[in-house]
Amino acid sequence: MAPKRIIKVGSDFSGMDTAVVALKRLKHLHTSLEFCSDNDEKCKQFVQEVHAPKRFFDNAMRSKEEQPPAVDVYINTPPCQSFSMGGNRQGIHDQRGRLLKVGLKYAAARHPKVWVLENVPTIAKFKKYAPMRKRLVSALESIGYKVFVKVLDARSFRLAQMRRRMFIVALKADSIVADFKWPKAATAKVKIRKHLDKFNPKVDKPGRLPRGVHCQKMVKMAYKDAHQRARLDALTRDIIVDHMAAKKIFT
């Protein structure tokens, strides 16, 4: 019997590193998480306890002496605030936007076979970001990658959430053995009701608000916005509210 092929994986700006979860779900694929990075202590604790990477970096902006090892699959999800509709939209003129170079730096140094970047769709759609996006793609092509860019929506893949994200997938040209194809959208959509607990009349009371002044304010604001802008009636439609969100999300 042939030995198992272990796919080495690394990620920057890892968060909870859900990409690793997705890779583990693929049949006949065996992975080894070589490194992760994040400056959030809770993310660090979660990743170390759940995914157990061989090495964890508190800062993705590493020195030459701290560079992580080569991997087969490299995933980076740099901060989106400087490109997002909910952020300042200063792009690479914001220091967070300039963190895009972290992934390029790793590609130039370690040449992973698969390089993936995920971020907000405005990078792919807004004209003001087109020069930056083209430079990013050109930089990857100049070091031997074939690059693919597409905006995907989570609700197209049986997730009960409208979450559009841009993906850049770069494949090392000398490692390609088959044509790259983006996943096809699922025909059936999944409703959020499927994932919610069943109604419990003992604790679920009509009009009941969450605890805390801020959370109550956010819920009221969200329902008012849903009613006035989208003409949604909370008595007849399911409305999911992130009551811990910042106020600007609803304005």
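Brief remarks on what is shown
- The set of residues in region 22-57 being of a type in the set (Val, Ile, Thr) and closer than 23 Å to residue 99 by Cβ consists of 47 alone.
- Comparison of 233, 179, 153 shows that the only residue that is more than 19 Å from the chain's Cα centre (by Cα), open to solvent by less than 80 Å² (accessible area, probe 1.4 Å) and not β-branched (Val, Ile, Thr) is 233.
- Residue 203 fulfils the conditions (1) in contact with a Lys or Arg (Cβ under 9 Å, 6 or more places away or on another chain); (2) assigned to a loop (DSSP other than H, G, I, E, B) except for a single criterion, (1).
- Contacts under 6 angstrom Cβ, first residue in region 146-174 being without any contact (Cβ under 8 Å) to a residue 40 or more places away in the chain, partner β-branched (Val, Ile, Thr) and open to solvent by 40 Å² or more (accessible area, probe 1.4 Å), 6 or more apart: 160/192
- Given (1) touching a Phe, Trp or Tyr at 6+ places or on another chain (Cβ under 9 Å); (2) in a loop (DSSP other than H, G, I, E, B); (3) of a type outside the set (A, V, I, L, M); (4) surrounded by 15 or more Cβ atoms within 10 Å (Cβ to Cβ), number of the condition residue 11 does not satisfy: (2)
The values are calculated or read from the model by the stated rules, or taken from the named source; none is laboratory data. Note that this is a predicted model, so its numbers are computed, not measured. Quick reminder, even Gly has a Cβ in these numbers, built from the backbone with ideal geometry, and neighbours come from all protein chains shown. Only protein heavy atoms, including side chains, enter the accessible area calculation; ligands, DNA and RNA are left aside. Shrake-Rupley method; radii C 1.70, N 1.55, O 1.52, S 1.80 Å.
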